[in-house]
Amino acid sequence: LDRHKDLHPIKKLRKRAGALVSKLSKLVESENGHQLRKNVTLHFEANDPILDFNKHRLRPDLNDDFLIASILQFRNDDPEALPVLVTADLGLKMKARHHRIEVSSLPDRLKLPDEPDEDQKQIRDLQARLTEHENRAPKLRMAFTDQDGLPEVNQVIFGAISEPTVREAVDTHRVSLETADQMNPIWKLMPLSAAAEQKYQRRMEEHLAEYTTYIVERQEANAKRARTICLEIILINEGTAPADDVDVFLKFPAELDVQDEDPNPPIPKEPKPPMRPTGGIFDVLELANFSVPQEDYSFLNNITPPQLERPNVSAPTLIKNPDGIEAQVNVRRSKQSQIQPLGMLYASFANQDAVGSFQIQYELHAANVPRAIKGHLQVVVKKTSDKG
């Protein structure tokens with residue numbers, strides 16, 4: 001114990017040995033004897049064993065052998081005593097049983113907990129600080145708004161209407177107009193003159209030509225819209241600290257055209273059919289052309305808009321590369337546990353055959369995140385044949 005108290009390299013063991021030496025010293029000097037508790041008395045053996053070490057195949061220079069010899073000497077001096085060696089040392093257990101000494105071990109629950117030394121404590125403290133720092137760091141990822149934060153979106157694509165379908169739609173429209181005329185009682189009572197009928201039929205043919213153009217343009221607009229996928233991408237911070245100055249890079253496949261505004265033409269309005277005149281008042285129903293005076297609003301160009309604070313999310317910058325379009329967005333600050341919309345992007349396929357599922361590769365760079373965050377968004381496209 002004295003050697004461990006002074007020379008052991010581990011400070012905690014030196015301290016424990018010193019405390020034990022101090023406690024034993026007090027017991028030796030106590031005037032109340034060495035009774036620790038009821039039926040438990042501490043006995044100090046001051047004499048060394050005098051038995052023949054060689055006869056018992058023991059060596060006096062080994063601590064384990066010296067302890068075995070002390071127990072054997074104690075048993076020789078008091079044959080009625082039943083000494084028990086309490087140890088967890090495997091080698092000492094084997095020697096004690098060889099000399100027919102009863103051996104016992106303390107249960108694990110009575111063992112003192114391992115106390116780390118100063119170096120171990122410092123490492124543990126540094127690991128705790130590192131864990132705390134990592135837990136306070138931002139945790140960023142991208143997602144779509146319409147999928148509960150999951151990086152997947154479904155899009156149904158419809159094919160174009162065939163030319164026979166267009167002709168059928170025009171014929172159906174013609175029949176509906178003629179049926180409406182025939183069911184009009186005024187038309188039967190006041191038939192048109194030949195000149196008025198000819199003029200009306202000419203206007204009807206012009207209307208049907210406009211209606212044919214309308215059907216084609218409407219279908220083209222619908223077909224282009226069907227090939228365009230509207231993507232509302234969001235930035236999610238699932239960490240416990242804000243992310244500052246986040247640069248978002250979105251890489252789209254080469255077969256896609258990407259815009260930050262809806263590239264689709266507006267759906268054309270259906271042309272109105274000509275009004276059928278009644279009898280001789282056809283010329284009266286001809287509407288005169290009225291010119292509406294145009295107001296001058298050029299003064300609005302001289303109005304300077306107010307200076308607004310820089311938005312938290314910049315407008316996307318689209319860069320065309322040979323291997324695809326890259327969209328770049330900057331987010332000034334993404335707070336913890338916050339969902340930040342990045343605006344709308346429109347991805348269009350060139351034609352129906354090119355439509356298919358694709359991935360958007362993304363990369364995030366934040367001022368207070370040491371490494372880039374990479375991932376992808378999966379766009380699942382389900383193609384459905386047109387039945388219209």
* Asked: Which is closer than 30 Å to residue 121 by Cα and either of a type in the set (A, V, I, L, M) or open to solvent by 60 Å² or more (accessible area, probe 1.4 Å) (or both), of 37, 59, 16?
  -> 16
* **Filter result for the condition that a residue is at pLDDT 90 or above, under 42 Å from the mean Cα position of the chain (by Cα) and surrounded by fewer than 16 Cβ atoms within 10 Å (Cβ to Cβ), over 220, 238, 205** => 238
* Of all residues in the range 78-101, which are surrounded by 12 or more Cβ atoms within 10 Å (Cβ to Cβ) and of a type in the set (Asp, Glu)? -> 89
* Would you say residue 42 is in contact with a helix residue (DSSP H, G or I) (Cβ under 7 Å, 6 or more places away or on another chain), without any contact (Cβ under 8 Å) to a residue 60 or more places away in the chain and either more than 24 Å from residue 113 (Cβ to Cβ) or exposed (fewer than 10 other Cβ atoms within 10 Å of the Cβ) (or both)? -> yes
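The values are calculated or read from the model by the stated rules, or taken from the named source; none is laboratory data. Keep in mind that what you see is a predicted model, and the values were worked out from it rather than measured. So basically every Cβ, Gly included, is an ideal-geometry build from the backbone, and we count neighbours across all protein chains shown. Ligands, DNA and RNA are stripped out before the accessible areas are found, and what is left, the full protein with its side chains, is counted by its heavy atoms. Shrake-Rupley method; radii C 1.70, N 1.55, O 1.52, S 1.80 Å.
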